[in-house]
1. Could you tell me the distance between the Cα centroids of the stretch 6-60 and the stretch 80-153, to the nearest Å?
2. Per q in 0.10, 0.12, 0.15, 0.17 Å⁻¹, report the Debye log10 I(q)/I(0) for the stretch 4-264, using one uniform scatterer on each alpha carbon and no solvent.
3. With θ set to phi - 60°, apply the Karplus curve 6.51 cos²θ - 1.76 cosθ + 1.60 along the stretch 319-325 and write out the HN-Hα couplings as whole Hz, x wherever there is a Gly or Pro.
4. I need two numbers for the stretch 127-173: Rg to one decimal and Dmax as a whole number, Cα atoms only, in Å.
Amino acid sequence: MNFRNLVSENPTTLTISPTHKCTAACYNCCVSCSPNIKHIMPFKRIRSHIDEALQTYPSIKIVVLTGGECFLLGKDLERVIKYIHKKSRLSRVVTNAYWAKDYISAVKKLSALKTAGLTELNVSTGDNHQQFIPFQYVANAIEAAVFLNISSVVIAIEAHPNSKFTRANIEQIDKLKKCIEEKKITIIEGAWMNFVNNEDNIPTDTICKDVISGRCEYLFHGITINPYSQMLACCGLTVEYNPYLKLGDLTRNTLKDLHEKQFEDLFKLWLYVDGPKHIYDYIQKKKKSVPEKFPHKCAYCMEIIKNEENISILKANIKSEIPNILSRINLLKAL
């Protein structure tokens, strides 16, 4: 049964990762980025995905280019931004700012992108990133973006309780502190969790309630495409590790078919209304087990899927939850 008519959401964001190649090799990168990766999606393929997404869902307001490191597209990045602008959509790039070795270089690089139509810059930094990209590069990029009056300028910091580099470090830099006070830049403390090892000394217990609880708000809101033209259900931290969240190959399926088929999936609808921690705790209660603690809601989603016993309990009980799921969907619509 397809519940599409009950969910009023239409995608508002298109996120494309043209490559998982990166100039950094962070220990706990959520998509295992590396300088050794060769594949970069060609411009024509990126343009094709943009065309299909906007034709299928005119509700899309912004196109996000992330990675990996999207600046490794070179001149194609400027071409993509220009094409997005031509389609009358906002554009955002997510980068580690490896290209901003000095202020003049940063202004030159961003000036070309702004002329092409760039509206938002999001720069990632933190303990791991700074092993490869000095924070001064980030500061150069941010100052250049403010100088050029780019509409939205964001610094996203790796965040966990043992982080050495925090918001406070940025606020000690006079130029950036002034920009923060004038609301010219925004700082986001993004969750950073353990994937490969624990060299970051990330605690395995709860980071904070806001990070682990709540529904999966990005489900159905966005279209996400990885470098290999796989469509993903979300842009969550564990999406590349979680086969359940890989919807299919866009070279063999239409974008609309893959997106709309999600509304036949009761588990995704449940994630949408209650979130993975709620479902994980429900399963543990059925098992009469003490729930473990994980540092992020995406980790709960991964824990549900990778455990065969959890999946069996989910399959055996999910139909009985249909009235609750549907009533919660109606409540969300009312709100």
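None of the figures in this text is laboratory data; all of them are computed from the coordinates on show. Keep in mind that what you see is a predicted model, and the values were worked out from it rather than measured.
1. 17 Å
2. -0.50, -0.74, -1.17, -1.48
3. With coefficients 6.51, -1.76 and 1.60, one gets 5, 5, 8, 3, x, 5, 4 Hz.
4. For the stretch 127-173, the Cα-based Rg and Dmax read 11.6, 35 Å.
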